[in-house]
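Undergrad: Before we start, here is the structure in question, set down as structure tokens.
The values are calculated or read from the model by the stated rules, or taken from the named source; none is laboratory data. All values reported here derive from a predicted model rather than from experimental measurement. When we count neighbours, we look across all protein chains shown, and the Cβ atoms used for this are built from the backbone with ideal geometry, even at glycine.
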Amino acid sequence: MSDFDAWLPPLVMLEDYNGNWTEYLEAIYRIFKRDFIDSKPNFPGYRVGLKRHPIIEGKEATFWHFISEGRIEKDRIPDLRRCEKIAWPRAIIDAFQSNNVCAWSTLRGNEKRMLLALVDFSYIVVLVDRGEYVLPWTAYCVEREHQREKLLREYEARRKAKNG
């Protein structure tokens with residue numbers, strides 16, 4: 001970690017579970033459950049819900065979207081970098097009004113989404129705005145520099161439009 005992200009919870013590593021995927025999956029699920037089921041993030045002006053279905057292996061859809069990638073729900077593949085950061089989405093949502101997070105709204109199709117990014121745009125949490133509540137939708141690492149630059153441009157354009 002660098003200085004700008006030292007406030008984030010520590011990574012949860014597969015090595016900490018001797019490479020045992022089953023134990024690791026249960027450990028990261030416990031963190032997700034603590035952060036999104038047993039308690040809820042603070043997102044002023046909105047209730048934070050959860051996309052529960054489809055439930056796979058007894059775990060909610062949002063959990064799988066936080067730890068895996070792929071367009072087809074049943075074919076999503078776990079991503080260790082996402083798994084390691086399982087405690088980050090809650091921390092980022094809770095800190096969205098701080099200087100640690102860049103936040104903006106955008107449309108993806110007909111859906112209003114709120115994007116919360118670390119200030120270097122290396123990690124994104126996506127919330128779907130449902131009016132009175134938001135749904136944590138996914139969270140992911142932004143691997144490529146050109147993707148980070150694109151997100152930065154989008155953020156700056158939204159901020160400029162908002163400030164007139």
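Undergrad: Within the group Val119, Val101, Val125, which residue is more than 13 Å from Phe43 (Cβ to Cβ) and touching a residue at least 12 places away in the same chain (Cβ under 8 Å)?
TA: Residue meeting the stated conditions: Val119.
Undergrad: Of the residues in the stretch 3-47, how many are of a type in the set (Asp, Glu), modelled with pLDDT of 95 or more and surrounded by 12 or more Cβ atoms within 10 Å (Cβ to Cβ)?
TA: 4
Undergrad: Consider only pairs whose beta carbons are under 6 Å apart and that are at least six residues apart or on different chains; among these, list those whose first residue lies in the stretch 28-53 and is farther than 14 Å from Lys85 by Cα and whose second residue is assigned to a loop (DSSP other than H, G, I, E, B) and among the basic types (Lys, Arg).
TA: Once the first residue is farther than 14 Å from Lys85 by Cα and sits in the stretch 28-53, its partners that are assigned to a loop (DSSP other than H, G, I, E, B) and among the basic types (Lys, Arg) give Val48/Lys40.
Undergrad: Another one. Count, please, the residues in the stretch 23-50 that happen to be among the charged types (D, E, K, R) and within 13 Å of the chain's Cα centre (by Cα).
TA: 1
Undergrad: Something else about it: Checking Arg82 against (1) of a type outside the set (Asp, Glu); (2) touching a residue at least 60 places away in the same chain (Cβ under 8 Å); (3) under 13 Å from Ala139 (Cβ atoms): exactly one of these is not met. Which one?
TA: (2)
Undergrad: Counting only residues that are assigned to a helix (DSSP H, G or I), touching a helix residue (DSSP H, G or I) at 6+ places or on another chain (Cβ under 6 Å) and polar (S, T, N, Q), how many does the stretch 39-76 have?
TA: Result for the stretch 39-76: 0.
Undergrad: Please specify each residue of the stretch 51-68 satisfying the condition of being surrounded by 16 or more Cβ atoms within 10 Å (Cβ to Cβ) and either in contact with a Pro (Cβ under 9 Å, 6 or more places away or on another chain) or not basic (Lys, Arg) (or both).
TA: Scanning the stretch 51-68 gives Lys51, Glu60, Ala61, Thr62, Phe63, Trp64, His65, Phe66, Ile67, Ser68.
Undergrad: I've got another one for you. Looking at the stretch 132-164, which of the residues that are acidic (Asp, Glu) and farther than 24 Å from Val48 by Cα is surrounded by the most Cβ atoms within 10 Å (Cβ to Cβ)?
TA: So the residue we want is Glu154.
Undergrad: Further, regarding this structure: Identify the single condition in (1) of a type in the set (Phe, Trp, Tyr); (2) under 21 Å from Leu127 (Cβ atoms); (3) in contact with a helix residue (DSSP H, G or I) (Cβ under 6 Å, 6 or more places away or on another chain) that Phe36 does not satisfy, given that it satisfies every other one.
TA: Among (1) of a type in the set (Phe, Trp, Tyr); (2) under 21 Å from Leu127 (Cβ atoms); (3) in contact with a helix residue (DSSP H, G or I) (Cβ under 6 Å, 6 or more places away or on another chain), Phe36 violates only (3).
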